[in-house]
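**Student:** Following this message is one structure expressed as structure tokens.
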Amino acid sequence: MKPDRRSAREVLLVGSVGLKDSEEVFRAVGPLLGSRMRRMPDGETGPRTSWVARLRFALENNPAFEDDPREVAAGGRITHPTEGTRTWKGSAIVPRGAPPPPRLRLRAGVRPQDIGIGRLGYPEAAIDSYRMFCRLRTEGVVPSHLRLQVALPTTAAFLNAHLVYEHHATVEPIYRERLFSEVNEIHSEIPHPDLAIQWDVSTEMGQWEGVRHAHFPDVQAGVIERLALHCRHVPRDVELGVHLCYGSYGGRHWKEPESTANMVEVHNRLAAKLERPIDYLHMPVPADRGDDAYFEPLAGLKLDRKTKLFLGLVHDSDGVEGTRKRIDAAARYAGDFGIATECGFGRRPPETIPNLLRVHAEL
């Protein structure tokens with residue numbers, strides 16, 4: 001793939017795109033940005049707009065679990081002081097302005113062998129989108145070189161969103177087995193040259209930053225160990241993407257990153273643990289960070305020659321001009337990098353999407 005013009009940078013859409021369905025996403029993105037991309041997401045539309053929030057159904061209708069009485073009494077999920085009180089911007093699952101629902105807990109007397117986690121729906125969504133992807137590729141709407149990008153929340157994201165802390169260690173391997181079995185279905189049904197699997201790494205960055213709970217004593221080593229398990233579950237001939245995420249819940253990060261330093265360290269330690277390359281890596285850049293202090297740690301990023309770095313420095317709040325300033329600042333410390341937004345933009349009002357895509361196209 002070669003960009004349309006010499007100055008254009010490769011584009012990554014992180015995941016969610018706030019349009020009606022996958023066909024609308026493919027038709028909007030393919031002609032405008034397809035020639036500058038290597039992979040394209042289906043937009044995570046419908047119920048998946050709410051990212052990991054929709055997966056509450058896996059526990060709330062499960063006889064092994066019950067609502068946590070402490071959080072019921074508090075009126076909803078109890079968050080870390082850094083997060084503050086959060087409200088949802090709206091989706092097909094959670095009404096606009098609603099607080100997160102209370103977490104759940106294991107019922108008294110439930111043994112690990114009695115816990116079952118039902119289907120999560122990831123293979124069904126991916127395979128349906130792949131069929132549409134292929135049809136539109138045949139029509140020439142989706143460029144022939146693109147892979148379908150399937151972005152998935154990690155096990156830690158599910159645990160953090162839906163389960164009280166004291167039961168994370170018990171449920172973690174059970175949920176991870178279910179998640180990995182669905183990843184197996186995806187890469188058994190979609191041809192590997194047409195597939196990219198991206199892990200959305202938000203909760204782990206929160207653990208690294210001290211904002212999210214970790215049930216393991218050595219937090220940094222535990223984070224890397226668990227991320228390596230997820231990455232190893234992607235076959236070598238399927239593209240592997242890692243989105244280091246600081247969240248977009250309620251329209252903001254759960255914590256503003258002080259710099260790229262922690263993300264650089266997470267990547268370097270994770271990459272050293274893997275027997276395969278990470279094909280692409282994404283890091284967010286806040287709109288107000290065009291300073292050297294934010295980007296300087298990128299000089300220590302140890303990228304495999306096959307790994308493409310994407311920086312999430314595209315913001316429609318200051319458009320093309322502001323984004324170019326951030327690109328110039330980043331270029332002082334990073335080599336060849338692509339561009340993206342900070343996170344998926346599926347929870348934005350749909351009428352704002354065309355302008356945000358236009359900003360990508362003009363850079």
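The values are calculated or read from the model by the stated rules, or taken from the named source; none is laboratory data. This one's a predicted model, so the numbers in the text were calculated from it and none came from an experiment. All Cβ positions, even for glycine, are placed from backbone atoms using ideal geometry, and neighbour counts span all protein chains on display. Protein only, heavy atoms only, side chains kept; ligands, DNA and RNA dropped before computing areas. Shrake-Rupley method; radii C 1.70, N 1.55, O 1.52, S 1.80 Å.
**Student:** Taking the condition modelled with pLDDT of 95 or more, out of contact with any Lys or Arg (no Cβ under 6 Å at 6 or more places or on another chain), of a type outside the set (A, V, I, L, M) and surrounded by fewer than 22 Cβ atoms within 10 Å (Cβ to Cβ), does R27 pass? Don't jump to the end; show me each part of the working.
**Tutor:** Numbers: modelled with pLDDT of 95 or more: yes; out of contact with any Lys or Arg (no Cβ under 6 Å at 6 or more places or on another chain): yes; of a type outside the set (A, V, I, L, M): yes; surrounded by fewer than 22 Cβ atoms within 10 Å (Cβ to Cβ): yes.
Criteria met by R27.
**Student:** Same structure again: Give all pairs with beta carbons closer than 8 Å in which a residue from the range 164-176 that is closer than 13 Å to H230 by Cα meets a residue that is in a helix (DSSP H, G or I) and among the polar types (S, T, N, Q); count only pairs at least 6 apart in sequence or on separate chains.
**Tutor:** These pairs meet every condition: E172/T155; Y175/T155; R176/T155.
**Student:** Another question about this same structure. Filter the range 38-50 down to residues that are touching a helix residue (DSSP H, G or I) at 6+ places or on another chain (Cβ under 8 Å) and either of a type outside the set (G, A, S) or assigned to a loop (DSSP other than H, G, I, E, B) (or both), then give me how many there are. Walk me through it before giving the result.
**Tutor:** Filtering the range 38-50 down to residues touching a helix residue (DSSP H, G or I) at 6+ places or on another chain (Cβ under 8 Å) leaves 40-45, 47-48.
Filter again for either of a type outside the set (G, A, S) or assigned to a loop (DSSP other than H, G, I, E, B) (or both), leaving 40-42, 44-45, 47-48.
Number satisfying all stated conditions: 7.
**Student:** On to the next question. Just to be sure before I move on: is A228 touching a helix residue (DSSP H, G or I) at 6+ places or on another chain (Cβ under 7 Å) and small (G, A, S) in the structure I sent?
**Tutor:** It is true that A228 is touching a helix residue (DSSP H, G or I) at 6+ places or on another chain (Cβ under 7 Å) and small (G, A, S).
**Student:** Next up: Restricting the first residue to the range 280-298 and requiring it to be over 19 Å from D336 (Cβ atoms) and open to solvent by 10 Å² or more (accessible area, probe 1.4 Å), which pairs with a second residue that is hydrophobic (A, V, I, L, M, F, W, C) and modelled with pLDDT of 95 or more meet a Cβ separation below 7 Å and a spacing of at least six or different chains?
**Tutor:** Partner pairs satisfying both residue conditions: G290/A329; D291/A329; D292/A329.
**Student:** Now for a separate question. For the range 76-84, does any single residue satisfy the condition of being modelled with pLDDT under 65, open to solvent by less than 20 Å² (accessible area, probe 1.4 Å) and among the acidic types (D, E)?
**Tutor:** Yes - at least one qualifying residue is present in the range 76-84.
**Student:** Between a first residue in the range 215-235 that is over 13 Å from E275 (Cα atoms) and a second residue that is of a type outside the set (F, W, Y) and open to solvent by 50 Å² or more (accessible area, probe 1.4 Å), which pairs have beta carbons less than 7 Å apart while being 6 or more apart in sequence or on different chains?
**Tutor:** These pairs meet every condition: H215/A169; I224/R269; I224/K273.
**Student:** Here's a follow-up. Of all residues being charged (D, E, K, R) and more than 19 Å from E209 (Cα to Cα) in the range 253-295, which is modelled with the lowest pLDDT? Just the residue, please.
**Tutor:** D288
**Student:** So which residues in the range 323-363 are free of Cβ contacts under 8 Å to residues at least 40 places away in the same chain and open to solvent by less than 10 Å² (accessible area, probe 1.4 Å), if there are any at all?
**Tutor:** Within the range 323-363, just A329 meets the criteria.
For every residue, the table says whether it meets (1) open to solvent by 20 Å² or more (accessible area, probe 1.4 Å); (2) under 19 Å from W51 (Cα atoms); (3) touching a helix residue (DSSP H, G or I) at 6+ places or on another chain (Cβ under 7 Å).
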{"position": "V238", "(1), (2), (3)": "no, no, yes"}
{"position": "S248", "(1), (2), (3)": "yes, yes, no"}
{"position": "K255", "(1), (2), (3)": "yes, yes, no"}
{"position": "T260", "(1), (2), (3)": "no, no, yes"}
{"position": "N268", "(1), (2), (3)": "yes, no, no"}
{"position": "K273", "(1), (2), (3)": "yes, no, yes"}
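**Student:** Does V264 satisfy being under 20 Å from the mean Cα position of the chain (by Cα), among the hydrophobic types (A, V, I, L, M, F, W, C), part of a helix (DSSP H, G or I) and buried (at least 17 other Cβ atoms within 10 Å of the Cβ)?
**Tutor:** Yes, satisfied.
**Student:** So which residues in the range 173-207 are of a type in the set (D, E), within 15 Å of G116 (Cα to Cα) and in contact with a strand residue (DSSP E or B) (Cβ under 9 Å, 6 or more places away or on another chain)?
**Tutor:** Listed by number, the list holds a single entry, E182.
**Student:** Same structure again: In the set R176, R119, R135, which member is modelled with pLDDT of 95 or more, within 27 Å of N61 (Cα to Cα) and surrounded by fewer than 16 Cβ atoms within 10 Å (Cβ to Cβ)?
**Tutor:** R119
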